[in-house]
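Each reported figure results from applying straightforward, stated rules to the coordinates on display, with no laboratory input. Everything numeric in this text was worked out from a predicted model, so none of it was measured. Glycine also receives a Cβ, built like all others from the backbone with ideal geometry; neighbour counts cover every protein chain displayed.
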Amino acid sequence: MNYRHIYHAGNFADVMKHLTLCLVLDYLKKKDTPFCVLDAHGGIGFYNLQSIEAEKTGEWKDGIGRFENMSLEEGDFNLYYNLIKDDLRQGFYAGSPVIAARMLRDQDRLIVNELHPDDVQTLTANMASFKGVRCTNLDAYECIRAHIPPAEKRGVVLIDPPFEKTDEFATLTRQMSEWEKRFEKGVYILWYPIKEHLAVDGLKQAARQLGLPRTWCFETLIHPRRQIGTLNGCGVIIFNAPFTVPERVESLAPLLREKMGLSGIEFEWLTPA
């Protein structure tokens, strides 16, 4: 309940997570049929990069700040960047709820959840101008259980816990089987941090054992994987990864690595493509 994403908004992890979300939604939009997006850890949706909190860490400067005012050719990175560049020029960063809402069509729907009582009020205000958006104030895993499968039978669930709890990896492992039972054809985007003491290998093994098709993983490192006492990187697991999304992410690796000074990006199929 003490976590505030404002300290980390727009950092390298946000760039990777939100770029992936954009590519997934872009694929889902290729069909006219509606879909539902469920953002289980919505935060406040919009962040002031000139705030005391954001300036205290300055993490955004080595993340999305590395792309600020860049002139890029049209391509997959611009699919994401064009959604946020005007905000950046005014000193703000749009979080996943706003990014998703900007990509929705009239027939699509977004559920954004946030547990923190103060943040959910800010979130609700920030999302008020968007159509087809509902904000909830629940435990994230309770929210997922309550809303899958969606009425549309198509959709994506974004799970990016703050990992304040020491048993978060174990909780995720238990929750995965629930997702598979309730909405086995859904696309799940699961974000996780990479720190020396965290059971990343166990989480990935649980994802393999779940057996959902096209389970794909990529990890972004800013420090050596086993460095003690630091956030060394982050990973994203996509269950039911849409066709072309892994390849599109991989094609952006050189740009991302160069601009953000990453030490490495690793890709892996956890279940067959």
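Of Glu178, Glu196, Glu142, the residue with the greatest mean-square motion in the GNM of the chain, using alpha carbon springs below 10 Å, is Glu142.
Under a GNM of the chain (C-alpha, springs under 10 Å), which listed residue has the highest mean-square fluctuation: Ile228, Ile99, Ile159? Per the Cα network of the chain with a 10 Å cutoff, Ile228 tops the list. Sequence-distant contacts, meaning Cα pairs under 8 Å at least 6 residues apart, place the relative contact order of the chain at 21 percent. Working note: 222 nm ellipticity from helices only, DSSP H runs with n ≥ 4, each -39,500 (n - 2.57), summed and divided by the residues of the chain, gives -11500 deg cm²/dmol to the nearest 500. The magnitude of the dipole of the stretch 224-273, with charges of +1 and -1 set on the Cβ of Lys/Arg and Asp/Glu and taken from the Cα centre, is near 200 debye.
Give the value in nm², to one decimal: projected area of the alpha carbon convex hull of the stretch 15-82, averaged over all directions.
Working: hull surface 23.7 nm².
Spelled out: convex hull of the Cα atoms, projected over all directions, averaged, 5.9 nm².
Extent of the stretch 88-205 along its three principal axes (Cα atoms, max minus min coordinate, largest first): 41, 36, 26 Å.
May I ask for the net charge around Arg214, where only other residues with Cβ less than 13 Å from the Cβ of Arg214 are counted and Lys, Arg are +1 while Asp, Glu are -1? Present the calculation step by step, with values, prior to reporting the outcome.
Values: positive: Lys185, Arg208; negative: Glu184, Glu247, Glu268.
Neighbourhood net charge equals -1.
For the options Lys153, Lys165, Lys85, a Gaussian network treatment of the chain with springs between C-alpha atoms closer than 10 Å singles out Lys165 as fluctuating the most.
Just want the ordering: Val133, Val112, from fewest to most Cβ atoms lying within 10 Å of their own Cβ.
Numbers: Val133 22, Val112 30.
Ranked by crowding around the Cβ, least crowded first: Val133, Val112.
Note on the stretch 110-161: Cα convex hull, mean projected area over all directions, 3.8 nm². Each principal axis of the Cα cloud of the stretch 87-127 was taken in turn, and the coordinate range along them, longest first, works out to 30, 28, 13 Å. With only Cα atoms counted, the stretch 149-244 has Rg and Dmax values of 13.8, 45 Å. Taking all pairs of different Cα atoms in the chain, averaging 1/r and flipping that mean, what Kirkwood radius in angstroms comes out? Roughly 18.7 Å, rounded to one decimal.
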